[in-house]
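Novice: Got a structure here, written out as C-alpha cells. Questions coming.
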Amino acid sequence: MKIQNQGFDHVEFVVNDALAQGKVYERMGFEKLGSRTLVSQGTMSVLYGQGAVRILLTQPLAGADAAAQA
C-alpha cells in the first residue's frame, strides 16, 4: 500500500518554547531539520522531521505579545 500526499506537507503547532517542545519530538525519533526567526512577524520556528512527517513548532518572540497589543 502506497500512501500519497493528499495536499499538505506539514503540521504547525504554536507553543511557548519551541526548543524545549522539540526535545519531546527528538525523543520520539524526529530530527531537527532547520529553524528560522521572522522578526517582522515576531515568531521563531523550528522544523522537525521523521520520514515523510514534518512538524513545525512556532513560538512568539520575547516581547512580541506586548508589541502586538500596542
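The values are calculated or read from the model by the stated rules, or taken from the named source; none is laboratory data. What you see is a predicted model, and the numbers here were worked out from it, not measured in a lab. Neighbour counts are summed over all protein chains in view; Cβ atoms, including those assigned to glycine, are modelled from backbone coordinates with ideal geometry. Keep in mind that these areas ignore ligands, DNA and RNA; they rest on the heavy atoms of the full protein, side chains included. Shrake-Rupley method; radii C 1.70, N 1.55, O 1.52, S 1.80 Å.
Novice: Quick test for you: out of 41, 21, pick the one residue that is modelled with pLDDT of 95 or more, open to solvent by 50 Å² or more (accessible area, probe 1.4 Å) and outside any strand (DSSP E or B). Working first, answer last.
Specialist: Working: 41 fails: modelled with pLDDT of 95 or more.
Exactly one residue qualifies, and that residue is 21.
Novice: Does any residue in the stretch 15-33 that is of a type in the set (S, T, N, Q) come within less than 9 Å, Cβ to Cβ, of a residue that is open to solvent by less than 70 Å² (accessible area, probe 1.4 Å) six or more places away or on a different chain, and which pairs are these?
Specialist: Partner pairs satisfying both residue conditions: 16/59; 16/60; 21/15; 21/46; 21/57; 21/59.
Novice: Out of curiosity, is residue 28 surrounded by 12 or more Cβ atoms within 10 Å (Cβ to Cβ) and modelled with pLDDT of 95 or more?
Specialist: No; evaluated as a whole, the condition is false for this residue.
Novice: Would you mind stating whether residue 14 is modelled with pLDDT of 95 or more, open to solvent by less than 70 Å² (accessible area, probe 1.4 Å) and hydrophobic (A, V, I, L, M, F, W, C)? Let's see the steps before the verdict.
Specialist: Numbers: modelled with pLDDT of 95 or more: yes; open to solvent by less than 70 Å² (accessible area, probe 1.4 Å): no; hydrophobic (A, V, I, L, M, F, W, C): yes.
Considered against the rule, which asks whether it is modelled with pLDDT of 95 or more, open to solvent by less than 70 Å² (accessible area, probe 1.4 Å) and hydrophobic (A, V, I, L, M, F, W, C), residue 14 comes out as no.
Novice: Next question, about the same structure. Residue check: is residue 46 under 9 Å from the mean Cα position of the chain (by Cα), open to solvent by 100 Å² or more (accessible area, probe 1.4 Å) and modelled with pLDDT of 95 or more?
Specialist: No, not satisfied.
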